1. Name the single residue that is surrounded by the fewest Cβ atoms within 10 Å (Cβ to Cβ) among those in region 210-222 being of a type outside the set (Phe, Trp, Tyr) and out of contact with any Phe, Trp or Tyr (no Cβ under 6 Å at 6 or more places or on another chain).
2. Identify the single condition in (1) surrounded by 16 or more Cβ atoms within 10 Å (Cβ to Cβ); (2) assigned to a loop (DSSP other than H, G, I, E, B) that His64 does not satisfy, given that it satisfies every other one.
3. Filtering region 103-120 down to residues that are outside any strand (DSSP E or B) and in contact (Cβ under 8 Å) with a residue 40 or more places away in the chain, which residue is farthest from Ala145 (Cα to Cα)?
4. Taking the conditions exactly as written (within 27 Å of Gly117 (Cα to Cα) and not aromatic (Phe, Trp, Tyr)), does Leu351 satisfy them or not?
5. If you take the residues of region 333-360 that are assigned to a loop (DSSP other than H, G, I, E, B) and hydrophobic (A, V, I, L, M, F, W, C), which of them is surrounded by the most Cβ atoms within 10 Å (Cβ to Cβ)?
6. Does Asp367 satisfy the condition of being within 20 Å of Glu213 (Cβ to Cβ) and among the acidic types (Asp, Glu)?
7. Among the residues that make up region 315-328, is at least one of them closer than 21 Å to Leu46 by Cβ, of a type in the set (D, E, K, R) and surrounded by fewer than 16 Cβ atoms within 10 Å (Cβ to Cβ)?
8. Would you check if Ala337 is out of contact with any His (no Cβ under 7 Å at 6 or more places or on another chain) and at pLDDT below 95?
Amino acid sequence: MLSFKNVLRLTFFILFTGGITYYTIDKIQVKNNVMDIETYSPKSTLRVPEHFPTRSKFPFVDVHNHQFDMPVKDLNKLVTEMDSLNMAFMINLSGFRGIYLRKSLKNIKENAPNRFGLFLNIDFETLDDPDFAAHTTALIADAVAQGVMGLKVYKSLGLTDTDAQGNRIAVNDPRLFPVWKACGDHKIPVLIHTGEPASFWMPKDKYNERWLELRQKPSRYRDPAAYPSFEEVIAEQHDVFKKHPGTVFINAHLGWMGNDLDRLSEHLISHPNVHTEIGAVLAELGRQPKRARQFFVDFQDRILFGKDSYKVSEYYTYFRVLETGDEYFDYYRKRHAHWKLYGMSLPDSILKKVYYKNALKLFPQLDPELFP
């Protein structure tokens, strides 16, 4: 058995040797110019016109935001930040239900009644309860009466939500049909996030353009052996749209078809009850500005502004892609886009629709005086 003194000596030796090894490897990497892709951040020498908008040209509605502390949020501070961006109205999709929803609505009513809206969230894993349909439709009716503006469906439906038997709940499970019908009856839209980028199902190799994200966020990988395929869950979602033409759906994140705008265009033509929004997929638009601009021209009445995660400085890149004709600039998060972006230079008539006019049609609760 090693004595305490020998243990200290061994520990010191291991630490010293490890430190020397690490230092040596680092020096070798520097000498040989070895660098990790996460470290490599070249500064472009390109000289072209640049614009750095920090405020949108017109007031806008963010239809896809998450404020998880809404019951206790300092809304005055948040409104000040919104004003700096020219954000007239924010929809918090994370309204949840029960006491959380009631306290969130109370905070909004008391502090900023015309600047925020909430969406309801439902627990789909109670699907097998005998009174699921009756309880859920009553929940929707009560929420609308309290001022809720829509229903948000998270990506767990179709991927990880299971019923009482442990079976995956398909997006188009017939037991959910009363939910979609109730939303149509109450004239509230359903903003639904189904699936993930298709690359999350692909092999994690050098050919996968989302490799860096899968390295940094390994839980986002969708092992085909454990999850339904991308095409399967997307087909289930589209089946819901087709079978419930009386309900308005907002297909979140460009329906994960931002990399194939021809397919997304066909999708919108086939489903006139569907709108879409650009939250967290701006990088898809910015790398194909000519095709993306045409998409916005063709579907200018069906596209909404959304951001998803909230960070003030990240909105600036949205304004730059939508409003300017700038070339070859960075997205704000490398794991989403290691490529450069380009501005679409949308005309004012389309900007106004994307920023607020389309939202005004879907949400009659909005105060029109916020959009002079």
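The values are calculated or read from the model by the stated rules, or taken from the named source; none is laboratory data. Being a predicted model, the structure only gives us computed values, none of them experimental. Note: ideal-geometry Cβ built from the backbone for every residue, glycine included; neighbour counts use all protein chains shown.
1. To start, the set of residues in region 210-222 that are of a type outside the set (Phe, Trp, Tyr) comprises 210, 212-220, 222.
Next cut, out of contact with any Phe, Trp or Tyr (no Cβ under 6 Å at 6 or more places or on another chain) only: 210, 212-213, 215-219.
Working: Arg210: 21, Leu212: 16, Glu213: 21, Arg215: 14, Gln216: 12, Lys217: 12, Pro218: 9, Ser219: 6.
Among residues in region 210-222 that are of a type outside the set (Phe, Trp, Tyr) and out of contact with any Phe, Trp or Tyr (no Cβ under 6 Å at 6 or more places or on another chain), the one surrounded by the fewest Cβ atoms within 10 Å (Cβ to Cβ) is Ser219.
2. Evaluating His64 over (1) surrounded by 16 or more Cβ atoms within 10 Å (Cβ to Cβ); (2) assigned to a loop (DSSP other than H, G, I, E, B) leaves (2) as the failure.
3. Per the criteria, the residue is Arg115.
4. Answer is yes for this residue.
5. So the first thing to find is which residues in region 333-360 are assigned to a loop (DSSP other than H, G, I, E, B), and the list is 333-339, 342-347.
Checking the rest, the ones that are also hydrophobic (A, V, I, L, M, F, W, C) come to 337, 339, 344, 346.
Working: Ala337: 21, Trp339: 13, Met344: 27, Leu346: 23.
Within region 333-360, the match that is surrounded by the most Cβ atoms within 10 Å (Cβ to Cβ) is Met344.
6. Answer is no for this residue.
7. yes
8. yes
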